[in-house]
Each structure stands twice: as C-alpha cells, then as structure tokens.
Amino acid sequence: MFDQQLYQGPTIGDLIIIALQKFKDRVAFKEYSRAVTFGELEIMIGRAVAALDSLGVRKGDAVAQIAGNATEAFAITAACYIQGYRSVPLQAASSINDHIYAVEDSEAVVVIVDDEHIRNGIEIKRALGDRVQVRSYQAENGDIGPFWTGISPKLPLTNEVEPGDIVRLAYTGGTTGLPKGVMASSRSLATCTINYMAAQPWESDIKYLCATPMSHGGGSIILPTLLKGGCTVLQQKFDPSEVIRAIEREGITRMMAVPTMLYALLDHPNISKANLKSMRRILYGAAPISPARLREALAIFGPVFIQGYGQTEAPATILILSQEDHLTGDDKRLESVGTPYPGVLVKLLNDDCKPVPQGEIGEICVRGPLVMSGYWKKPELTADALRGGWLHTGDLAYQDQQGYFFIVDRKKDMIISGGVNVYPKEVENALTTHPAVSAAAVIGVPDEKWGEAVKAIVVLRPSEKVSSEELIAFTKKLKGPVQAPKSVDFVEALPLTSLGKIDKKSLRAPYWKGVTRQVNG
C-alpha cells in the first residue's frame with residue numbers, strides 16, 4: 001500500500017514559497033511610494049516567522065490581525081500559512097466589541113495591529129488581559145510593543161503544514177446572532193488559488209489593484225498574482241477617484257470590485273474621459289449585480305469582466321461567468337453567475353437534500369476540497385451547514401439547459417407577500433433598468449394584509465428625478481403587481497457592510513422592531 005502522502009496536493013504554504021523562489025527581483029507589492037520585491041517579501045515573511053516564534057506561538061495557535069491593506073499584513077498571514085498557525089483576519093472597520101469577541105472566541109494568543117489601530121489593541125488588552133499578547137507594526141504604547149523591531153529573519157522558509165491543517169479562521173456575520181469562525185484548511189485555500197489560475201486568463205505583465213480589504217475577498221487574488229510573477233498595488237480603501245488615478249498612473253491590468261464599487265465608478269464624473277486601456281480583467285462578485293448597470297460597465301471598460309461566486313465557507317471560486325460569457329449578446333446570460341470552477345461539484349437541492357428538476361429553484365450546495373472544515377466551536381451549526389454531505393450556501397437558484405446557474409436570492413432575504421414568494425434581486429434588477437436609478441435595495445416590511453409588503457430603497461443617478469409612483473408603475477409593468485414595491489424611499493446612499501455589500505439587515509431593522517420576522521430557510 002502506498003503512503004497516502006503520495007497523493008496529497010500542495011498546501012497554501014508550498015505555493016507561497018514557490019512564488020517567492022521564482023521571481024526574486026520582480027516587484028511583488030507597491031503601496032504609496034514603496035515597492036517591495038519578491039526577495040524582500042521573503043525576508044519580511046522570515047522575520048514574521050521569527051517574531052511569532054519569539055512570542056511563543058506554536059502550531060495550531062491563533063494569530064489575529066487588525067490592519068488595513070499593507071505588505072506587512074500579507075507577510076504575517078503568509079507566516080501563519082507556512083508555520084501552521086491559525087490566521088484570524090479581522091475587519092479593520094468592524095466594531096471593537098466584534099474584535100474583542102473574535103479574539104476571545106478564536107483563543108488568539110497574539111493580536112497584531114497596524115499603527116492606525118493601536119486604540120483597538122489597547123481596548124483588547126484591557127478586556128482580555130494576560131490571555132493575549134498585543135503588538136503593533138511599529139509604534140509602542142504601554143503594554144503594546146513593536147512586532148518587527150530587532151528581529152532577524154528565519155530562513156530558508158520551510159512549509160510545516162499538512163493539507164488538512166486549519167490555517168485560517170475567518171469570522172462571518174449571520175442572522176443567528178454572534179459571528180461564526182469559518183475554519184479554512186490549507187487544502188481549501190490552495191484549491192481556491194489553483195482554481196483562479198486554472199479558470200481565468202492571466203495577462204503577461206500583471207498589475208493587480210487591491211482596493212478592497214485584503215483580509216477578505218480582495219486578498220484571494222494576491223497569491224495567484226504572485227505565482228504569475230505579478231505585482232499587487234495596495235490601496236487603503238476604495239475611492240473611485242483614487243482607483244481611476246491608479247489605473248492611469250500604474251497601468252493596472254486587473255482589479256476586484258463588488259457591484260456598489262462598480263456603480264460608484266460608473267457614476268464618477270471623470271470616468272468617461274479616463275484612460276482605461278491597460279485594464280484587462282475586472283473580477284466582480286460578493287453580491288448581485290444589476291444587469292442594466294453591467295451592460296453600462298461593459299460599454300465603458302470594454303470586454304474585461306469576469307463574475308465570481310463564492311462565500312467564506314467555500315472561498316471565492318464556486319461559480320464563474322467568464323469574459324466570453326459576457327460577450328454572447330444574450331442579455332439573459334448577464335443575469336447568470338456562471339458554471340462551476342474545475343473540481344467543484346455544485347447541485348441545487350431541496351430541503352430534503354434531494355436534487356430539484358432542471359429549471360426549478362433549489363439551494364446551491366457544494367462539494368469538493370474548497371469547502372470549509374466547519375465553524376469553530378459550533379458543532380450544531382456545522383452539522384446543519386454540512387448536512388447530507390453538502391455545504392448549504394443559503395442561496396436559491398435555478399439552472400438552465402446549458403448548465404448556467406441563476407441566483408434568485410438569499411433564502412433569508414426572500415419576501416413572502418400574500419403567500420407568494422418575492423425575490424428581491426428580481427425587483428432590484430427591474431428598478432435599475434430605469435434610467436434615473438443608480439442602485440436599489442428591496443426588503444420586506446411588516447404588513448397587516450400581506451404579511452410582508454415589498455419596499456424599495458432607491459439611490460438616483462446624479463441630477464435625475466423620478467417619483468415613487470412612477471417607479472412603482474414602472475416595476476409593476478415589468479414584474480406584475482405582486483412583485484412591484486408597495487412603497488419607495490429615496491436615499492443619498494445605501495448602507496454598506498465593511499465589505500461593500502448592501503446592508504439589508506440594517507435596512508430592515510427599523511421596520512421589525514418588536515416584530516418577529518420569519519427567516520426563510
């Protein structure tokens with residue numbers, strides 16, 4: 001009998017080391033006026049390994065970070081992946097209470113903050129005391145010492161991880177209350193990277209603009225970029241003016257965006273005269289996109305768009321709508337989230353874990369090495385999410401005869417009005433075909449007659465005007481009276497989560513105070 005190691009795939013640490021060894025003199029990261037080569041990045045990761053070792057961190061321990069986009073943040077994360085520590089990336093924009101909860105729940109032994117978030121480190125130390133060590137990138141404040149000072153690199157880098165080892169604990173919100181820690185194995189993260197490289201075209205001279213948090217989706221493209229010898233240009237936050245300037249100044253060839261970012265770029269006064277010729281790929285996802293606005297984006301940026309569908313529990317690479325899929329001339333195709341990435345098995349199942357007939361709506365369920373290992377210290381939620389041997393995503397969809405998936409909505413966002421299922425995404429798509437509408441969010445609100453009534457919250461394009469009555473009539477003509485909004489509110493901007501998704505939980509909250517909403521699914 002052969003040793004089972006004979007058949008093991010690479011770990012995420014293996015892939016990082018391969019990239020570092022191959023492109024020593026190329027620039028790996030650019031931020032502000034600083035450029036960091038692959039060779040310098042290797043030394044930085046070696047210093048992170050040595051620093052964590054000096055702090056007593058051992059394989060299986062959790063290391064949390066609260067930081068914006070920075071090369072140092074990647075280096076510390078890479079050190080965790082190579083040494084087998086559990087990397088806990090915390091959203092810098094989240095509340096201090098969420099940070100304290102995640103640090104305590106993950107049993108992190110070290111928290112590292114950048115210099116902008118020293119106050120967060122102080123509050124964590126105050127709350128948890130000696131249970132955690134807190135360090136900052138450079139600055140020093142009381143109990144918070146510097147992480148990097150006086151540390152010599154531990155080289156050469158050697159992978160200390162097996163494919164099944166948990167190397168990432170990503171906290172995700174939910175409708176059930178406290179955030180859940182998603183356990184990602186080295187196998188899962190390596191699969192995500194390989195999927196990106198296998199299913200997407202890659203230009204010869206890559207410059208990837210990371211303007212979304214690298215602690216989450218924005219970071220998933222960094223390692224594929226490095227493995228192709230490309231450069232990642234980091235921005236601290238998304239700003240449409242800065243993104244346009246970066247594209248022109250740096251010759252950016254690819255970027256990742258959530259739909260709200262694309263809308264902001266499309267509505268920017270300088271977009272029509274910007275030099276966008278260097279752009280080759282724009283990967284979008286994380287939330288539904290308006291097909292009408294996608295067509296507008298294709299007209300401005302050209303045939304550069306790729307849609308990716310995934311979730312924290314199966315990172316980034318479940319389904320893909322390729323560049324070619326965007327150019328078929330079939331408007332219906334632009335509503336699809338595509339077909340599965342290689343090696344990922346996707347089925348639409350009913351509540352009994354049985355496949356639904358082709359064309360009928362079911363829940364997107366996933367199998368494969370991409371899938372999480374479970375929720376940290378939450379066995380009951382894990383059993384429910386992985387019941388029947390499938391990851392249940394919570395997204396409802398149907399599949400056409402060509403095998404393309406079409407998401408109709410999240411189970412929890414579906415509105416039941418007068419006993420009829422209303423899918424907010426369909427109503428939002430209809431609203432955004434109106435020439436005055438920039439973006440729309442549709443929610444259900446309590447109603448004595450209907451149980452839930454359809455309500456739209458709308459952002460208008462600059463200098464455009466339209467009445468709520470007009471939009472209701474417009475939608476009724478497209479979708480019928482049941483799906484048409486019963487009311488429309490106009491706002492300057494929709495509330496967003498820290499990841500740039502429309503925050504429907506906060507939109508619903510004022511209407512459901514003191515009322516129990518039946519969450520679907």
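The values are calculated or read from the model by the stated rules, or taken from the named source; none is laboratory data. Not measured: the values here are computed from a predicted model. Counting neighbours? That spans all protein chains shown, and the Cβs are built from the backbone with ideal geometry, glycine included. Ligands, DNA and RNA are excluded from the accessible area calculation, which covers all protein heavy atoms including side chains. Shrake-Rupley method; radii C 1.70, N 1.55, O 1.52, S 1.80 Å.
Loop only per DSSP, at most 14 neighbouring Cβ atoms within 10 Å: give me the chymotrypsin sites (Phe, Trp or Tyr not before Pro) in region 1-96, ordered by residue number.
Values: sites: F2, Y7, F23, F29, Y32, F38, F74, Y81, Y85; in loops: F2, F23, Y32, Y85.
Within region 1-96, the qualifying chymotrypsin sites (Phe, Trp or Tyr not before Pro) (loop, at most 14 other Cβ atoms within 10 Å) are F2, Y32.
Dipole size in debye (nearest 20) for the chain around its Cα centre, Lys and Arg Cβ +1, Asp and Glu Cβ -1? Walk me through the numbers before you get to the answer.
Numbers: 56 positive and 58 negative charges, 80 e Å.
In total the dipole reaches around 380 debye.
Where does each of 353-359, 117-123 land if you order them by average Cβ count within 10 Å, highest first? Don't skip to the answer; put the middle values down first.
On the way: 353-359: 11.9, 117-123: 19.3.
Top to bottom by mean Cβ count within 10 Å: 117-123, 353-359.
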Whole-Å semi-axes of region 44-192's equivalent ellipsoid (Cα gyration tensor): 22, 21, 12
Find, among the GluC sites (Glu not before Pro) in region 304-379, those assigned to loop by DSSP (not H, G, I, E, B) with at most 12 other beta-carbon atoms within 10 angstrom. E360
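Accessible area per residue for the chain in Å², computed with a 1.4 Å probe and the full protein assembly in place, what is it?
On the way: 22180 Å² over 521 residues.
Here the per-residue accessible area is 43 Å².
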What ranking do 400-407, 44-51, 230-237 get when scored by the average of other Cβ atoms within 10 Å per residue, highest first? 44-51, 230-237, 400-407
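What percent antiparallel are the DSSP beta bridges of the chain, to the nearest 5?
Numbers: 49 of 86 bridges.
Around 55 percent of the beta bridges assigned by DSSP in the chain are antiparallel ones.
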Describe numerically, in nm with one decimal, the distance between label points set 7 Å from Cα along Cα→Cβ at K59 and at T37. 3.3
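So what is the relative contact order of region 176-253, in percent, for Cα pairs below 8 Å that sit 6 or more residues apart?
It comes to 33 percent, rounded to a whole number.
How much length is gained if the chain between N421 and D267 is pulled fully straight, taking 0.36 nm per residue apart and subtracting their Cα-Cα distance, in nm to one decimal? Show your work: numbers first, answer last.
On the way: separation 154, 0.36 × 154 = 55.44 nm, distance 3.27 nm.
Length gained between N421 and D267: 52.2 nm.
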Apply the a/c threshold of 1.5 to the C-alpha gyration tensor of region 314-425 and tell me whether it is rounded, prolate or oblate. oblate
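Leaving ligands, DNA and RNA out of it, report the carbon-plus-sulfur percent of the accessible area of region 393-433 at a 1.4 Å probe. Numbers along the way, then the final one.
Working: 620 of 1320 Å².
Ligands and nucleic acids excluded, carbon and sulfur give 47 percent.
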Please report, in whole Å, how far the alpha carbons of region 338-393 spread along each principal axis, starting with the longest. 37, 26, 14
Write out the trypsin sites (Lys or Arg not before Pro) in region 250-333 meeting two conditions: DSSP loop, and at most 15 other Cβ atoms within 10 Å of their Cβ. K277
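Given the convex hull of the Cα atoms of the chain, what is a quarter of its surface area in nm²?
Result: a mean projected hull area of 25.8 nm².
Would you mind calculating the relative contact order of region 104-156 from Cα pairs under 8 angstrom and at least 6 residues apart, reporting the percent as a whole number?
It rounds to 31 percent for region 104-156.
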Below 8 Å, C-alpha to C-alpha, sequence gap of six or more: please give me the relative contact order for the chain in percent. 10
Kindly state, to the nearest 0.05, the FRET efficiency for E116 paired with K377, given R0 = 35 Å and r defined as their beta-carbon distance. 0.70
